[in-house]
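The values are calculated or read from the model by the stated rules, or taken from the named source; none is laboratory data. Because the structure is predicted, anything quoted here is derived from the model rather than measured. Don't worry about glycine lacking a Cβ; one is built from the backbone with ideal geometry, like all the others, and counts go over all protein chains shown. Just so you know, the surface numbers come from the protein's heavy atoms only, side chains and all, with ligands and any DNA or RNA stripped out. Shrake-Rupley method; radii C 1.70, N 1.55, O 1.52, S 1.80 Å.
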Amino acid sequence: DGEQPPPGFVPLFNGKDLDGWQGLVGDPRSRRDMAPGQLDEARAKADAMMRAHWSARDGALVFDGKGQNLCTARDYGDFELFVDWKFPAGADSGVYLRGSPQVQLWDPSHEAQWRHGAQYGSGALWNNKQAGHRPLVKADRPTGEWNTLFVRMIGERVTAELNGRRILDRVIMENYWERDQPIYAEGPIELQSHGSPLFFRNLFIRELDAAGSPSP
């Protein structure tokens with residue numbers, strides 16, 4: 001059975017099915033430019049692909065290694081988020097914040113990814129070109145064990161902890177999709193597909209106001 005949400009948090013995943021989630025349609029720019037009918041058609045195709053490759057099993061969200069990202073049906077602005085995750089050896093994933101990549105999750109022992117920085121551990125804002133491209137410390141548990149990621153996002157700034165250790169401290173998240181623009185004010189939480197099986201559980205979120213206090 002899954003854990004209960006911490007006080008003030010609500011579950012993003014009910015432990016039983018994909019209710020509250022949807023398939024990935026394009027990116028924030030392309031979705032913004034779609035006509036309503038075009039977006040609905042693309043959404044239907046994306047949701048069919050989601051159901052083919054993502055499932056709920058034994059209280060976890062399970063990805064078979066094929067298909068696209070899994071996205072919350074709702075958008076979020078400022079928030080605190082808990083996500084438990086585990087991967088097989090060599091796996092690669094991430095958590096998109098407001099529809100933008102990403103808090104990087106991967107296998108630090110996988111030497112083929114060391115050229116990309118995997119040896120420094122999970123939790124970096126990997127697509128940043130300025131600060132936060134690497135985590136402050138390597139806090140991953142051994143491959144195949146569950147890890148707990150905590151993310152706090154207020155405005156442009158992201159703080160994160162992995163397994164109770166601080167890995168990001170109020171780092172500005174850059175806008176990967178539009179480098180000349182600040183990060184979007186709202187967007188979905190996404191679990192990134194990157195060609196390997198993935199497991200997530202205990203996904204809890206608490207929405208905050210601009211001052212960082214829980215929203216009423």
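Please give the net charge around S122, taking every other residue with its beta carbon less than 12 angstrom from that of S122, where Lys and Arg add +1 and Asp and Glu add -1. Don't skip to the answer; put the middle values down first.
Details: positive: K86, R134, K138, R141, R165; negative: D92, D107, D140, E161.
With Lys, Arg at +1 and Asp, Glu at -1, the net is +1.
Considering only C-alpha atoms, what is the centroid distance from region 49-73 to region 196-212, in Å?
Using only Cα atoms, the two centres lie 16 Å from each other.
As a check on your grasp of the helix formula, calculate [θ] at 222 nm for the chain: sum -39500 (n - 2.57) over DSSP H runs of n ≥ 4, divide by the residue count, round to the nearest 500. Let's see the in-between values first.
On the way: 2 runs with 24 residues, N = 216.
When only DSSP H runs of four or more count, the value is -3500 deg cm²/dmol.
Within the accessible area of region 75-216, what % is carbon and sulfur when the probe is 1.4 Å and the other protein chains stay in place? If you can, show how the numbers build up before the last one.
Numbers: 2920 of 6100 Å².
The value for region 75-216 is 48 percent carbon and sulfur by accessible area.
Per the 1.4 Å probe, what fraction of the accessible area of region 1-42, in percent, lies on carbon and sulfur atoms?
Working: 1320 of 2750 Å².
The nonpolar share, carbon plus sulfur, comes to 48 percent.
Expressed in nm², what is the orientationally averaged projection area of the convex hull enclosing the Cα positions of region 113-216? Before the final figure, lay out the partial values.
On the way: hull surface 30.9 nm².
Across all orientations, region 113-216 yields a mean hull projection of 7.7 nm².
If packing is taken as the mean number of other Cβ atoms within 10 Å per residue, what is the order of 151-162, 41-52, highest first? Walk me through the intermediate numbers first.
Working: 151-162: 19.7, 41-52: 14.8.
Ranking, from highest mean packing down: 151-162, 41-52.
Take a quick pass over the chain and tell me how many lysine pairs come in under 24 angstrom between Cα atoms, counting only ones 8 or more apart or on separate chains.
Details: K16/K45; K16/K66; K16/K86; K45/K66; K66/K86; K86/K138; K129/K138.
Taking the Cα cut-off of 24 Å, the pair count is 7.
For region 19-47 and region 85-141, what is the separation of their C-alpha centers, rounded to whole Å?
27 Å
For the chain, what is the per residue volume of the convex hull drawn over the alpha-carbon atoms, in cubic angstrom? Mind dumping the intermediate values first?
Numbers: hull volume 26.2 nm³, N = 216.
Cα convex hull per residue, to the nearest whole number: 121 Å³.
If we sort 13-22, 165-174, 90-99 on the protection proxy, mean other Cβ atoms within 10 Å, highest first, what's the order?
The most tightly packed comes first, giving 90-99, 165-174, 13-22.
Roughly how many Å² is the accessible area per residue of the chain, as a whole number, for a 1.4 Å probe? It would help to have the intermediate numbers written out before the result.
Values: 10510 Å² over 216 residues.
With all protein chains present, the chain gives 49 Å² per residue.
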